[in-house]
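No value in this document is a laboratory result; all are computed from the given coordinates. Since the model is a prediction, treat every value here as computed from it, not as a measurement. Positions of Cβ are backbone-derived with ideal geometry, glycine not excepted, and every protein chain shown enters the neighbour counts.
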Amino acid sequence: MIDVKEIKKLCCVFSDEDIEEIEIRHGKDSVKVVMEDFKRPKVQAGKTITPETTSISLPQTQKAEEKKQSVFELCSPYIGFFTRINPKTGENYIKLRDVVKKGGIVGHVRVLGVLQDLKVQVDGKVKEILIEEGQPIEYGQPIMRFEIVE
Amino acid sequence: MFKKILVANRGEIAVRVIRAAKELGIPTVSVHSEADEECLHTKLSDQDVCIGPAPSKDSYLNILSIISAAEITDADAIHPGYGFLAENSKFSSICKDHKITFIGPSPEVIDLLGHKATARKTMAEVGVPITPGTGIINKPEEAVEFARSAGYPVIVKAAAGGGGKGMRVAWSDEELVNIIPIAEGEAKAAFGNPEVYVEKYLQNPRHIEIQFIADTFGNVVHLGERDCSIQRRHQKLVEESPSPAITPAIREAMGEAAKKGVKKVGYVGVGTMEFLYDSDGKFYFMEVNTRIQVEHPVTEFVTNIDIVKEQIKVHMGERLSFKQEDVKFSGNAIECRINAEDPFMNFMPSPGKIEHFHIPGGPGVRVDTHGYAGYEIPKYYDSLLAKMITWGRTREEALARMRRALQEFRATGIKTTVPFYEKLLENPDFQKGNYSTKFLETFNFK
């Protein structure tokens, strides 16, 4: 049986980190904690979750909430293939947890062979990259999420 | 064989094309705007791609987005359906540049036939009868001279036109001189080309069109006529085949004229040659629609030929699977276009959520629709919701089935034009097949 107090403790430890999910396994039992938007951890069913487990909340995440975190989602205005490689340097424009300035290029969509810039419209910290390198994307598809930096 | 067909359209025609491709074993990609995510065509295709925001100009008319959607899905053919980009030669040409087969005629043929004045001239050269008329009008005096010799009324038409835009009737010299600049302005606004020409105006004609199909080997077959005279503001509402007014001899003459014209321009694919049929038994070339028509199922019913499948096959380079002598016409078919409009409120569009939806069935009934219970009809597009087509061994049987099918049809939560058709089918003149393109001007629906 997984101890709920242990889960809380573990979540507290990682709450300031950019960790999305924590999965704990103990024998046949498992529990997955999803740190959604630093608000309230959502617990997804493992095998033997007690009702008590589903209502855990973390003080640290509340603290995070007080920091007024909000998220900007960059969606594709184009239909094509996504890349975050800068063709001039061969390096990725960004990686997770990088802080980017408003107007900064964070990748491209290759539309019929032409690279179209993807610019971020906020000052933000890269929280998630949702599309893998070279994958096709459609109009309006979310590509990245950023924590808005004041 | 195509690897994959992208259907550059929406609604019922996209569903129709997807069904044909599936039967041929070809995977399909549907495209949709943000407003059409739940439209039926996106559910029936193998893949779907969002190509832009709701307005058509940003999505279904956005050539770059559609070609990009073909690229990311590896589609090697695009079916344009009707409307949107179906008769856009630039789109056809860009498809070619990207090594994508456009399921329609070549850009050159679309341009030639899309320019009404050039098309008339071309058809006249091969002996297709045309209404007496002029070339492009440079000075109003040219129009007046023609009108005096042919007799009033005359009609001013946009050279690049269609759908009734830029068309005006004149009954006197003075009126003609006044309306030419107005028609030119309308033509410029609608088609980007101000050129107009003048034709003798037939006062009570029928609108008869010949369906044809041509392959890359030079074979052309016509599939008989459809009578599309029941129109409201130049938009067809009812189509039937055979026409109640056409004799076998006229059908043959029209069919042969269409085939000659099509061969002359090197047409490949399906299309329709439209004629005006005068009360004195003469017919005159009007225009060619270089695409699949809304009303094609009427012909499918009486010929038992799947026109969309044949269309796809000829664009894959296959020979037509039948010859002219194989085409047998059987019975009568009639189509009513059920629009999401309120016929009691001057046919005002009625978008919204369909709560309950029931499609009629039984012998001789076909319904092509993208509607379903829970579907929300967006306000951005054409209001066509369903095409109801019935077949009977006789016209009377087809009409009886249509009456029965209209009674069975249910779409609650929105208004439809079903009550209009129920009333139309009660009209004695319509029942006798005694109508022209002017019929609805005097038909009292309410």
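Please report, largest first and rounded to whole Å, the three semi-axes of the ellipsoid equivalent to the range B:403-446, where each semi-axis is the square root of five times an eigenvalue of the C-alpha gyration tensor.
Working from the Cα gyration tensor, I get semi-axes of 23, 13, 7 Å.
In whole Å, how far is the Cα centre of the range B:9-37 from that of the range B:194-250?
The range B:9-37 and the range B:194-250 have Cα centres separated by 27 Å.
Filter the cross-link list B:Lys188/B:Lys438; B:Lys90/B:Lys323; B:Lys43/B:Lys264; B:Lys4/B:Lys387 down to pairs whose alpha-carbon distance in this structure exceeds 29 Å.
B:Lys90/B:Lys323; B:Lys43/B:Lys264
Rounded to the nearest 0.05, what FRET efficiency do B:Lys96 and B:Ala54 give with R0 = 30 Å and r taken as the Cβ-Cβ distance? Could you check?
The computed FRET efficiency comes out at 0.55.
Compute the distance in nm between two label points, each set 7 Å from the Cα along the Cα-to-Cβ direction, one at B:Phe322 and one at B:Ser149.
For the pair B:Phe322/B:Ser149, the computed spacing is 4.4 nm.
Mind running the shape call on chain B? Use the C-alpha gyration tensor, a ≥ b ≥ c as the square roots of the eigenvalues: rounded below 1.5 for a/c, prolate if a/b tops b/c, oblate otherwise.
Rounded.
Express in whole angstrom the spacing between the alpha-carbon centres of the range A:90-150 and the range B:305-334.
50 Å
Which whole-Hz couplings ³J(HN,Hα) result when phi for each residue of the range B:288-294 is put into the Karplus expression 6.51 cos²θ - 1.76 cosθ + 1.60, θ = phi - 60°, listed in order with x for Gly and Pro?
These are the phi-based 3J(HN,Hα) values: 10, 9, 8, 6, 6, 9, 3 Hz.
About its Cα centre, how strong a charge dipole does the range B:213-338 have in debye, to the nearest 20, once Lys and Arg get +1 and Asp and Glu get -1 at the Cβ?
Once rounded to the nearest 20, the dipole reads 320 debye.
Along the charge dipole of chain B, which of B:Ser89, B:Phe2, B:Ile246 sits closest to the positive end, that is, farthest toward it, with unit charges on the beta carbon of Lys, Arg, Asp and Glu (+1, +1, -1, -1)?
Of the listed residues, the answer is B:Ile246.
Picking from B:Ser59, B:His41, B:Ile13, whose Cα lies most toward the positive end of the charge dipole for the range B:1-95 (charges on Cβ: Lys, Arg +1; Asp, Glu -1)?
After comparing all options, I get B:Ile13.
Full extension from B:Ser279 to B:Gln407: what is 0.36 nm times the residue separation minus their Cα-Cα distance, to one decimal in nm?
Result for the pair: 42.7 nm of gain on full extension.
Expressed as a whole number of Å, what is the distance separating the alpha-carbon centroids of the range B:403-427 and the range B:84-151?
For the range B:84-151 versus the range B:403-427, the Cα centre distance is 37 Å.
Evaluate the distance, in nm, between pseudo-label points positioned 7 Å from the Cα of A:Gln116 and of B:Arg19 along their respective Cα→Cβ axes.
For the pair A:Gln116/B:Arg19, the computed spacing is 3.4 nm.
Once you have the Cα-Cα distance between B:Lys3 and B:Gln431, take 0.36 nm times their residue separation minus that, and quote the gain in nm to one decimal.
Extra length available between B:Lys3 and B:Gln431 comes to 149.4 nm.
Over 30 Å between C-alpha atoms is what I'm after, so list which of B:Lys57/B:Lys353; A:Lys101/B:Lys379; B:Lys116/B:Lys328; B:Lys3/B:Lys57; A:Lys119/B:Lys353 land there.
Violating the 30 Å Cα-Cα cut-off are A:Lys101/B:Lys379; B:Lys116/B:Lys328; A:Lys119/B:Lys353.
When the chain is fully extended, how far beyond the present Cα-Cα distance does B:Glu355 get from B:Glu441, taking 0.36 nm per residue of separation?
Length difference between fully extended and current span is 27.6 nm.
Pull out a ≥ b ≥ c, the square roots of the eigenvalues of the alpha-carbon gyration tensor of the protein assembly as shown, then state rounded if a/c is under 1.5, prolate if not and a/b is larger than b/c, and oblate in the remaining case.
Prolate shape, in that a/c is at least 1.5 and a/b is the bigger ratio.
Just to check I understand the Karplus step: with θ = phi - 60° and J = 6.51 cos²θ - 1.76 cosθ + 1.60, what whole-Hz values come out for the range A:74-88, glycine and proline as x?
Listing the rounded values in order: 8, 10, 6, x, 10, 10, x, 10, 7, 9, 10, 8, 6, x, 6 Hz.
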